[in-house]
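Asker: Got a structure here, written out as C-alpha cells. Questions coming.
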Amino acid sequence: MRLVKLSVGDEVSHEGFGRGTVISVSGDGTSAKATVDFDGTGQKRLLLRYAPIHRIQGASRRSPAP
C-alpha cells in the first residue's frame, strides 16, 4: 500500500473528483486524512489509504479559500 504525503496547498488529482487543492491534513500513516477543495465538486474529506489520489508535481500552489 502506497500512501501519498500531502501538505496544505498541494495540487492533487483524484480519479473521480478531478483536480483540487488540499486545504487541511490530519493524522498520519494509515489514518491520514485530507480535506480537498475540488474544482466543480467542492470540498471532500478523504482517507488517504483508500483515496485514488496523487499530488500533481510542479503545480503551483494556490491559497485555500478562507
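Asker: Once you put a point 7 Å from the Cα of residue 39 and another 7 Å from the Cα of residue 26, both along the Cβ direction, what distance in nm separates them?
Answerer: Rounded to a tenth, the inter-label distance reads 2.8 nm.
Asker: Where nothing but the Cβ of Lys and Arg (+1) and of Asp and Glu (-1) is charged, how large is the charge dipole of the chain around its Cα centre, in debye to the nearest 20?
Answerer: Computed charge dipole of the chain: roughly 120 debye.
Asker: Explain nothing, just the number: relative contact order of the chain, from Cα pairs under 8 Å at least 6 residues apart, as a whole percent.
Answerer: 35
Asker: Shifting gears a bit: In whole Hz, what ³J(HN,Hα) sequence does the range 20-33 give by Karplus (6.51, -1.76, 1.60; θ = phi - 60°), x for Gly and Pro?
Answerer: Each residue of the range 20-33 in turn: x, 10, 5, 10, 7, 9, 9, x, 8, x, 6, 9, 5, 10 Hz.
Asker: Shifting gears a bit: Give me Rg/Rg_expected for the chain, where Rg uses Cα atoms only and Rg_expected = 2.2 N^0.38 Å with N residues.
Answerer: 0.99
Asker: Let me ask something else. Would you mind calculating the gained length between residue 47 and residue 19 on full extension (0.36 nm times residue separation, minus the Cα-Cα distance), in nm to one decimal?
Answerer: Computed gain between residue 47 and residue 19 is 8.4 nm.
Asker: Restricting attention to the range 1-49, which trypsin sites (Lys or Arg not before Pro) occupy a DSSP loop and are surrounded by at most 16 other Cβ atoms within 10 Å?
Answerer: 2, 5, 49
Asker: Another one. Which residues' amide hydrogens lie under 5 Å from the amide hydrogen of residue 19, considering only partners 5 or more residues apart or on another chain, with H built in the peptide plane?
Answerer: Under 5 Å from the amide H of residue 19: 14, 39.
Asker: Still on this model: Tally Lys/Arg at +1 and Asp/Glu at -1 over every other residue whose Cβ is under 14 Å from the Cβ of residue 27; what's the total?
Answerer: Result for the neighbourhood of residue 27: +3.
Asker: Also: How charged is the neighbourhood of residue 13? Take every other residue with its Cβ under 11 Å from the Cβ of residue 13, and add Lys/Arg as +1 and Asp/Glu as -1.
Answerer: -2
Values in this text are rule-based calculations from the coordinates and carry no lab data. The structure displayed is predicted, hence computed values, not measured ones. Here Cβ is always computed from backbone atoms with ideal geometry, including for glycine, and neighbour counts include all displayed protein chains.
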